[in-house]
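Q: Supplied in structure tokens, the structure appears directly below.
The values are calculated or read from the model by the stated rules, or taken from the named source; none is laboratory data. Just so we're clear, the structure is a prediction, and the values are computed from it rather than from any experiment. Here Cβ is always computed from backbone atoms with ideal geometry, including for glycine, and neighbour counts include all displayed protein chains.
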Amino acid sequence: MRNKLVAAALAIAGSTFGLHQFYLGRKGKGILYACFFWSGIPTVVGLIDAAMLMGLSDDEFERKYNTPALRAGLQVQDDNPYGRAQQQADFLLRLHEMRKNGIITEEQYEVARQNTLGMMGGVSKEDNAEGMQETSYPPPTQGTRY
């Protein structure tokens, strides 16, 4: 899990080379910063990035940088399968809450849910079309741990 204070500290200390961009998973921007380190522009932009990062609430930072399945379907990078499953289960709970509160549509919910269940080893609807038995998961409820 990425940390807001670490990201801001990297933006201040390592902005010339784009270290905070690499930390936040924005490799393209990080490479761009590193290519133009000699100009001083990445340093100025990095300090602005640090201020913007510190201005984000913890919830905004979490939503923007620590929600892998909604952002391009990225898998959680964790060598511990139980830790990964727990993170994905927690994500499903947050996803359900976002749908319930009207933050995301039913379609967005279902796409993100299917992506997450696919990462957990469930059978998707596409797989089911090939004759496999679909794994049924109940909608997550508050306090449910998988």
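Q: Considering only residues that are surrounded by fewer than 12 Cβ atoms within 10 Å (Cβ to Cβ), assigned to a loop (DSSP other than H, G, I, E, B) and at pLDDT 85 or above, which ones fall in the range 50-72?
A: Of everything in the range 50-72, just one residue is surrounded by fewer than 12 Cβ atoms within 10 Å (Cβ to Cβ), assigned to a loop (DSSP other than H, G, I, E, B) and at pLDDT 85 or above, namely Ser57.
Q: Looking at this structure, is Tyr82 at pLDDT below 75 and either closer than 30 Å to Leu5 by Cβ or touching a strand residue (DSSP E or B) at 6+ places or on another chain (Cβ under 6 Å) (or both)?
A: In short, yes.
Q: Also, I was wondering about something else. What residue, among those in the range 10-45 that are closer than 30 Å to Arg94 by Cβ and buried (at least 19 other Cβ atoms within 10 Å of the Cβ), is nearest to the chain's Cα centre (by Cα)?
A: Leu24
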